Amino acid sequence: MTETATAAALASTTAVTSDMPDPVTAAEAWFGIVAPSPMTIAIPEPLRALLDAGGPVMLILAAMSVFALTIVLIKLWQFARLKNGGAEHLESALSDWQAGRCGEAVERLAGTTNPLAGVVRTAMLGSLRANDPAALREEVERRAQGVLTALRSHLRGLEVIASLSPLLGLLGTVIGMIDAFRALEAAGNQVDPSVLSGGIWVALLTTAAGLSVAIPTVVALNWLERLLEGVTRRLEDQVTRVFTGGLQLDGPLASEQPSVVAPRIPHAV
C-alpha cells in the first residue's frame, strides 16, 4: 500500500471514530435544559457528570431518591411524636385506672397531645359515662384507625419507588446498549473498541443507580412497617386494659357452695 493510500485509510478511520458520540458528553446539553440553572450550579461536578452520562433516566432516579428520603423523614417525625406529648403518662394513667382511681387516670391524660393517649382517654371517658359498650368500642376503634392510617400513609409510595427503581435502571441500560450497538453498526469494521466499551459502562450506570435507590428504600420500608406493627399492638393492649379495668383477678376466690348429698334410701327388706 502506498503512503497516499495509507494516509487516506487513516483519515477515514479517524473520521468514522470522530462521528461516534462520546458516551460522557453525548447528553451534555439535556441536563442544562431540563434542570434550572441555579440547580445545575449547586450540584457537584462529579455528580452532574454522572447525571449527564446516564441520561434522563438518571434524573428520574435522582428525583425518586429525594422523594423516598422525604417520606422516610416524615415517617420518622410521626413516630417520634408518639414518644412525646404525654406518652410518659400513659402507663401511670392505666395503672390508676386498673386500681380504681378512674378520675386521676383521666386527669393524667387531660393535657396530652399524643395521638395514642387521646385514644386511650376517649375509651376512659366513654366507660365512665355509661355509654353503650358496643357503640363505645366502635368509636374507639374509629379513632384508633385514624391514628394508624396517618402512620400508614405514604408507605405505598415507598413500595412503588422500591419496585420501579430497578426497572427504570434496567430500562436506561437497555437504551444505552441500543445506542452503543447502533454506533458499532454505523462504524462497520473500523470501530474503536474504547468507544464501545465506554458506551457500555455508561449504559450500566442507570442499573447501578436504580439498585442504589431501591435497596435503601426496601430497608426503610420494612423498618417502618415493623414500627407500625409495634404501635398497633401497643395501642390494642392499652385500649383492652381500659375496657377490662374492672375485672377482679387478684381477690379472694368465691366460697364454694356445699354440695347437697341426697339421703340414702335403705334397701327394701
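Considering every residue within the stretch 218-234, establish whether at least one is at pLDDT 95 or above, at negative phi, of a type in the set (Val, Ile, Thr) and within 18 Å of the chain's Cα centre (by Cα).
Taking every residue of the stretch 218-234 in turn, at least one turns out to be at pLDDT 95 or above, at negative phi, of a type in the set (Val, Ile, Thr) and within 18 Å of the chain's Cα centre (by Cα).
If I ask for residues that are under 26 Å from residue 78 (Cβ atoms) and over 32 Å from the mean Cα position of the chain (by Cα), which ones from the stretch 107-125 would you list?
Filtering the stretch 107-125 for residues under 26 Å from residue 78 (Cβ atoms) gives 108-125.
Once the filter is applied, which keeps residues that are under 26 Å from residue 78 (Cβ atoms) and over 32 Å from the mean Cα position of the chain (by Cα), the stretch 107-125 yields 108, 110, 124, 125.
In the stretch 79-121, what residues are out of contact with any Ser or Thr (no Cβ under 9 Å at 6 or more places or on another chain), assigned to a loop (DSSP other than H, G, I, E, B) and more than 20 Å from residue 152 (Cα to Cα)?
Scanning the stretch 79-121 gives 99, 100, 109, 110, 111, 112.
Name, by its number, the condition in (1) buried (at least 16 other Cβ atoms within 10 Å of the Cβ); (2) in the same structural domain as residue 70 (by TED's automatic domain parsing) that does not hold for residue 123.
Tallying (1) buried (at least 16 other Cβ atoms within 10 Å of the Cβ); (2) in the same structural domain as residue 70 (by TED's automatic domain parsing), residue 123 fails exactly one: (2).
Regarding residue 69, is this residue under 20 Å from residue 236 (Cα atoms) and among the hydrophobic types (A, V, I, L, M, F, W, C)?
Values: under 20 Å from residue 236 (Cα atoms): no; among the hydrophobic types (A, V, I, L, M, F, W, C): yes.
Criteria not met by residue 69.
The values are calculated or read from the model by the stated rules, or taken from the named source; none is laboratory data. All values reported here derive from a predicted model rather than from experimental measurement. Note that we place each Cβ from the backbone using ideal geometry, even for glycine, and neighbour counts take in every protein chain shown.
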